[in-house]
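The values are calculated or read from the model by the stated rules, or taken from the named source; none is laboratory data. Here the structure is a predicted model, which is why all the values come from computation and not from measurement. With ideal geometry, Cβ positions are generated from the backbone for all residues, glycine too; neighbour counts draw on all protein chains shown.
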Amino acid sequence: MKKISTVSGVPMDAEVLYGYLHGLVNRFFKILPMRESGEGSLTEYMQSFQLELIGCAELVEAIHGDPDYMSLLSILQYLIGSPEAPVHVFKREVFKAITICNKLKSRYAALGKGE
């Protein structure tokens with residue numbers, strides 16, 4: 001299993017990063033029912049999620065400059081800054097983020113296999 005460099009100097013298995021990226025799909029998807037039901041904690045959830053993503057990008061050197069990862073952060077920033085956007089806009093952006101998560105998973109799964 002290939003190791004991924006971290007800023008702490010402690011390498012992690014590529015499989016750990018893959019698992020994290022896999023979990024992001026559900027985290028993004030969770031935004032939709034929260035928005036559709038008018039959940040009051042949606043903005044707080046998205047802000048916390050965004051901070052976590054920023055922290056991951058700072059920790060894992062491989063994704064630090066990844067433009068697709070930056071797209072995830074940007075989508076989340078738009079949703080945070082536009083809480084009154086129509087549900088169809090939230091839906092479109094959430095599914096775009098899920099597509100990007102799947103692309104990142106594929107990319108880092110290939111790293112883990114040493115390809």
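Worth pointing out:
- Assessment of region 20-36 against the conditions (among the acidic types (Asp, Glu), over 20 Å from Arg107 (Cα atoms) and assigned to a helix (DSSP H, G or I)) yields at least one matching residue.
- Residue within region 91-109 that is part of a helix (DSSP H, G or I) and touching a Lys or Arg at 6+ places or on another chain (Cβ under 8 Å) present: no
- Candidates in region 61-87 are the residues that are in a loop (DSSP other than H, G, I, E, B) and touching a Leu at 6+ places or on another chain (Cβ under 8 Å); of these, the one that is farthest from Met12 (Cα to Cα) is Ala85.
- Within region 1-19, residues that are over 10 Å from Leu59 (Cβ atoms) and in contact (Cβ under 8 Å) with a residue 60 or more places away in the chain reach partners that are loosely packed, with under 12 Cβ neighbours inside 10 Å and among the small types (Gly, Ala, Ser) with beta carbons closer than 6 Å, at six or more positions or on different chains, in the pairs Lys2/Gly114.
- If you go through region 1-38 and keep only what is touching a Pro at 6+ places or on another chain (Cβ under 8 Å) and either modelled with pLDDT of 90 or more or surrounded by 17 or more Cβ atoms within 10 Å (Cβ to Cβ) (or both), you end up with just Ile4.
- Considered as a group, the residues in region 49-59 that are of a type outside the set (A, V, I, L, M, F, W, C) and in contact (Cβ under 8 Å) with a residue 12 or more places away in the chain include one that is surrounded by the fewest Cβ atoms within 10 Å (Cβ to Cβ), and that residue is Glu58.
- Residue within region 49-58 that is farther than 21 Å from Asp13 by Cα and more than 10 Å from the chain's Cα centre (by Cα) present: yes
- Residues of region 60-115 classified as free of Cβ contacts under 8 Å to residues at least 24 places away in the same chain, among the hydroxyl-bearing types (Ser, Thr, Tyr) and closer than 16 Å to Lys2 by Cα, total: 1
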